[in-house]
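Notes to accompany the following structure.
Please treat every number below as a calculation from the coordinates, not as lab data. Computed from a predicted structure; not experimentally measured. FYI the Cβ positions are ideal-geometry reconstructions off the backbone, even for glycines, and counts take in every protein chain you see.
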Amino acid sequence: MLRSSAAFLTKLITGTRPVWQGCDPACRERRVYFANHGSHLDFATLWATLPAEARERTRPVAAADYWNRNRFTRGIACGLFNALLISREGITRKENPITRMADALRQGESLILFPEGTRSLDGTVADFKSGLWHLAHAMPEVALVPVFLQNLNRVLPKGHVLPIPLLSTVVFGTPLPAVPGETKPEFLRRARTALTDLIPAGSFH
Amino acid sequence: MHWSSPETRQVILWIAGILLFFSILGRVLRFRVKSEKGLATVSNLIARVRAWWVMAGVIIGSLLGGRTATEIVFGLISLLALREFITATPTRRADHQALFLAFFAALPLQYWLVHTGWYGMFGILIPVYAFVLLPCLSVVRGDTQDFLARTARTQWGLMVCVYFISHIPMLLQLPFAPLPLGNAGLVLFLVVVTQGSDVLQYLWGKLCGKRKIAPNLSPGKTWEGFIGGVLSASLLGASLHWLTPCRPWQAFVIALMLCALGFLGGLIMSAIKRERGIKDWGTLIEGHGGILDRIDSLCFSTPLYFHIMSYCFGN
């Protein structure tokens, strides 16, 4: 109830329109959605545009240091969105974020990942951090779906707390095909290109 | 405008009858037309007519609901239009506060002024105070890239989507001698003539359009469509003169001006779309595009109509 209201409210504010360009919304496969990051609304919007049934088993991967700051942020991340909080620093063998993401995928959950690692200020897409590569190696059977989030960095830019009600678009691309023998930088570059290729013609930042 | 008056029921029945005619026409054409291009046109026609039922229902429903209901409905139309306008025109992070105030202060305040009937402030809130204050909020952020263009876009959005549109519910505040449908008749005249002009231009263009009038801006518009549509919509206006305090010939001239301005307004909004490389403002109304695609001609004709009515015919 609370979660479906949150999804409705998010869609109302961000006026979002999903474009299923390269994959089927109804498909029940496990997926890692990887998207560009420019706003606190990114995760909630991507999540809200999924079909209700897929929403229930899709978790965002978020930075523990940021969302564990206080009870309120922790309540939103873990209580409302069932986020998988991972540490960005001090990675130990026991607390390895890749292991925890792989565990969640093995339990049949899908994940939402922002491989740039932080929110962009101007809407450009930064180079990807290597987590996506390690995750792809740990779980090669999971579909990696690029998702381009358009305009959310204008709805709620980094450093602001009040959103303006502009219209946004969520473009779902084709899952990344596996390329054997690819090096890490090659893979990350290919993943980033798959994402930026989804930017609609005539769009701006 | 009350359901109990026979004139109101008559107008509503006419509008419903015309829409019903096009609904049936669409169904008939779907069976008759065979070519692929023809079928695309017919399904677009059916989608458009379906959207017209909703739009006519919303406008008439709000007018039947009274002054406050009309103000709320046009306030929401302004909000959705501004949303489409700002979405399509580039602004930067430094404009966030200014845009927030445009949406959540300027817009509600303008409609609150309509509600209270404070005409002096209604006329200057956006052209003067928003003009002065919004760039102040952007400039302190120190981002100079495209500064004039960004500021102008926000101001234009407010003028077109909020200021102009807010003149429609303001018509309900004008002092007039009693009219058959009250002041709601003035709103109906404006909406039926301008929107009717769009529809008639489309129909005339489909029937006998040949010479393109503005191929760079709006490739679908032709001289035949323009002349046929504007003249027939003006005749429609003359026949609806009894909704207003005008004589038939006066209503014809006013309708002619509304249609001409509405046509140019449509071209202006098309020019902005072409510059931005988009085809439609949004996806809200099936067959039409966004709400701004539907009201673009209304935006530019509304202030003139308001002033003619208030200065030439008001008490």
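Data table
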quantity: Exposure proxy order (Cβ contacts within 10 Å, fewest to most) of B:Val139, B:Val28; calculated: B:Val28, B:Val139
quantity: Spacing of the two label points (7 Å from each Cα toward its C-beta) at A:Arg189 and A:Glu56, in nm; calculated: 4.4 nm
quantity: Where labels lie 7 Å past Cα in the beta-carbon direction, separation of A:Arg17 and B:Ile72 in nm; calculated: 2.8 nm
quantity: Estimated FRET transfer efficiency (B:Leu174, B:Phe21; beta-carbon r; R0 25 Å; 0.05); calculated: 0.15
quantity: For segment B:211-253 and segment A:139-182, distance of Cα centres in Å; calculated: 47 Å
quantity: Shielding by other protein chains, A:165-175, mean Cβ within 10 Å; calculated: 3
quantity: Restricting segment B:209-315 to trypsin sites (Lys or Arg not before Pro) in coil, as DSSP defines it, with at most 15 other Cβ within 10 Å; calculated: B:Lys210, B:Arg211, B:Lys279
quantity: Exercise: per-residue mean of other protein chain Cβ atoms within 10 Å, B:86-92; calculated: 5
quantity: Across A:Lys158/B:Lys279; A:Lys129/A:Lys184; B:Lys210/B:Lys273; B:Lys37/B:Lys210; B:Lys212/B:Lys279, pairs whose alpha-carbon gap is larger than 22 Å; calculated: A:Lys158/B:Lys279; B:Lys210/B:Lys273
quantity: Exposed-loop-free span, longest in chain A, where GluC sites (Glu not before Pro) count as exposed if DSSP calls them loop and at most 13 other C-beta atoms lie within 10 Å; calculated: A:142-205
quantity: Those lysines that a straight Cα-Cα span of less than 19 Å connects to B:Lys34, excepting residues fewer than 8 apart in one chain; calculated: B:Lys206
quantity: Cβ charges +1 (Lys, Arg) and -1 (Asp, Glu), total dipole of segment B:6-313, debye; calculated: 900 debye
quantity: Charge-dipole axis of chain B as Lys and Arg at +1 and Asp and Glu at -1 on Cβ define it, positive-most pick from B:Thr91, B:Val128, B:Ile278; calculated: B:Ile278
quantity: Karplus-derived HN-Hα couplings along segment B:14-19 (A = 6.51, B = -1.76, C = 1.60, θ = phi - 60°), whole Hz, x at Gly and Pro; calculated: 4, 4, 4, x, 5, 5
quantity: Under 14 Å from the A:Thr73 label point (7 Å along Cα→beta-carbon), backbone N, segment A:98-131; calculated: A:118-119
quantity: Residue exposure sequence - B:Lys34, A:Lys129, B:Lys206 - by fewest surrounding Cβ within 10 Å; calculated: B:Lys34, B:Lys206, A:Lys129
quantity: Dipole-positive endmost among A:Ala77, B:Leu64, B:Ser301 within the protein assembly as shown (Cβ charges, Cα centre); calculated: A:Ala77
quantity: Restricting segment B:1-81 to chymotrypsin sites (Phe, Trp or Tyr not before Pro) in coil, as DSSP defines it, with at most 15 other Cβ within 10 Å; calculated: B:Trp3
quantity: Calculated FRET efficiency for the pair A:Asn96/B:Ile124, C-beta based, R₀ 56 Å, to 0.05; calculated: 0.35
quantity: Distance between modelled label sites at B:Asn315 and B:Leu264, nm, 7 Å Cα→Cβ extension; calculated: 3.4 nm
quantity: B:Leu207/B:His2 FRET efficiency (R0 51 Å; Cβ-Cβ; nearest 0.05); calculated: 0.85
quantity: Spherically averaged projected area in nm², based on the convex hull that wraps the Cα atoms of segment B:6-313; calculated: 16.3 nm²
